[in-house]
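To start, the structure under review is shown below, and the notes come after it.
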Amino acid sequence: MTKSISISPGKVILFGEHFVVRGSKALVAAIDLYAKVEIEESSWPSEIISEGTEIRGKITADLKVIGSKELEPFAKILSILKSWGFQLSGFKARISSEIPMSAGLGSSAASAAAFSLSYANMLGYKLNDKELFTLSNEAEKVTHGNPSGVDSAAVTYGGILIFKKDVGIISRLNTLFSDKYSLIIADSGIKRSTSVPVRDVLILSEKLWPALSLIYDAADKIIDLGNEAISNGDYETLGTLMNINQGLLNSIGVSSIELEEIIYRSRLAGAIGAKLTGAGRGGSVIILAPSNKIENIIDRVKCCVKWASRIKISQTGARLISS
Ligand code: MEV
């Protein structure tokens, strides 16, 4: 039986998480950590296993999930494909992922995208990017409730993007990071939900909009300046903007003592910018540093993280690698 195999990159938000949910822009990059989904045709009920996790279960022919609730987004993808007129077939799926879950690195959007591509290919159909984005983002709605779409855009299209909710990709930055500077991800290992901080920030912004609107505007302006800094190869300014963005995220209540410790340790060890990435209150920190400081920084944060590592931008989004 032939297998359809797809991979999808994870993502890191350089600027604009949370603010993007209420209409500001976000600057996001796909990263070289990948989720892989292998699918082969089988009978109903279909089976999904996520390697190295407890997530496993079945989906019945009428799209009910038996087992882990984390499989609900995949049932949603199937129901959308059905509503698009596809005749669904039973299957066996195996998910394996280098992207840690609940770490702010887009693991759910990536698994949804790779699953969608593999499943559609099993049905003999090649999804286009727009369809792939829609399927991944609809799955994200099941996982997180109120996603802006930034994660699904990053994993679908790859590269460095400026994204706006309900508009989509505003621009794609074709600049490559210079070898002299690197991005490092430090994962606090503290698992957190996306939906709770997103809801809290929305409540806060409703309550104090006359003040918060200025913070949202500042976050939006940072993206214009960040875009300029990346295009000009001005990494010092890029780092300063990341630090300012972190201050804004702290002011809306999504940082934490553990994240601040990682951020300050990395700045003291030579980082020029460090901020939380994703929903916050746990998850990961993104660090910009001269490449000759990487080891020093990783050494200084290792007390306080689950892992820390240099990452690179993935210029391509989710794709079928074997069918
Ligand atoms: C999550 O990666 C980013 C948030 O802004 C939520 C979203 O945009 O969907 C916190």
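The values are calculated or read from the model by the stated rules, or taken from the named source; none is laboratory data. Not measured: the values here are computed from a predicted model. Glycine also receives a Cβ, built like all others from the backbone with ideal geometry; neighbour counts cover every protein chain displayed. For accessibility, only protein heavy atoms count, side chains too; no ligands or nucleic acids. Shrake-Rupley method; radii C 1.70, N 1.55, O 1.52, S 1.80 Å.
For the chain, a Gaussian network of Cα nodes joined below 10 Å ranks Ile286, Ile59, Ile203 by mean-square fluctuation, and the top entry is Ile203. Cross-link reach is defined here as a Cα-Cα straight distance under 19 Å, omitting same-chain residues fewer than 8 places apart; for Lys82 the lysines meeting it are Lys58, Lys64, Lys92, Lys126, Lys130, Lys141. When the charge dipole of the stretch 1-114 is built from unit charges on Cβ atoms (+1 for Lys and Arg, -1 for Asp and Glu) and taken about the Cα centre, the candidate among Thr2, Ile77, Ser96 whose Cα reaches farthest toward its positive end is Ile77.
Heavy atoms of the protein chains alone define the surface here; on that basis the stretch 196-323 has 46 Å² accessible area per residue at 1.4 Å probe size.
Among Ser193, Ser152, Ser213, the largest mean-square fluctuation in a Gaussian network model of the chain, built with springs joining Cα atoms closer than 10 Å, belongs to Ser213.
Net charge near Lys180, counting Lys/Arg +1 and Asp/Glu -1 over other residues with Cβ under 12 Å of its Cβ? Around Lys180, the surrounding residues sum to -1. Relative contact order for the chain: 26 percent, from Cα pairs under 8 Å spaced at least 6 residues apart, divided by residue count. Separation of the stretch 277-323 and the stretch 71-120 by C-alpha centroid, Å? Using only Cα atoms to place each centre, the spacing works out to 24 Å.
The residues packed around Ile49, meaning those with a beta-carbon under 13 Å from its beta-carbon, carry a net charge of -1 if Lys and Arg are +1 and Asp and Glu are -1.
Once the chain from Arg319 to Asp32 is taken as fully extended at 0.36 nm per residue, the excess over their C-alpha distance is 102.0 nm.
Between Gln87 and Ser43, the contour length at 0.36 nm per residue exceeds the Cα-Cα span by 14.5 nm. The mean sequence separation of alpha-carbon pairs under 8 Å and at least six residues apart, normalised by the residue count of the stretch 71-224, gives a relative contact order of 21 percent. Normalising the average separation of contacting C-alpha pairs (under 8 angstrom, six or more residues apart) by the number of residues puts the relative contact order of the stretch 181-311 at 43 percent.
Per-residue ellipticity at 222 nm, computed for the chain from helices alone with -39500 (n - 2.57) per DSSP H run of at least four residues, works out to -12500 deg cm²/dmol. I'd like the carbon and sulfur percentage of the solvent accessible area for the stretch 181-311, probe radius 1.4 Å, heavy atoms only, ligands and nucleic acids excluded. Here it works out to 56 percent.
Mind telling me which of Thr156, Thr237, Thr194 comes out most flexible in a GNM of the chain, alpha-carbon contacts under 10 Å? The residue that fluctuates most here is Thr237. Report, to the nearest 10°, how far helix 107-122 tilts away from the longest principal axis of the Cα atoms in the chain, using its own Cα long axis and a range of 0 to 90°. It works out to around 30 degrees. With only the Cα atoms considered, the chain has a convex hull volume of 123 Å³ per residue. Radius of gyration over Kirkwood radius for the stretch 157-291, both on Cα atoms: the Rg/Rh ratio is 0.96.
With the simple spin-label model, which puts each label point 7 Å out from Cα in the Cβ direction, the Lys306 to Glu258 separation comes to 0.9 nm. Compared with the dominant Cα axis of the chain, that is its longest principal axis, helix 72-83 is turned about 60°.
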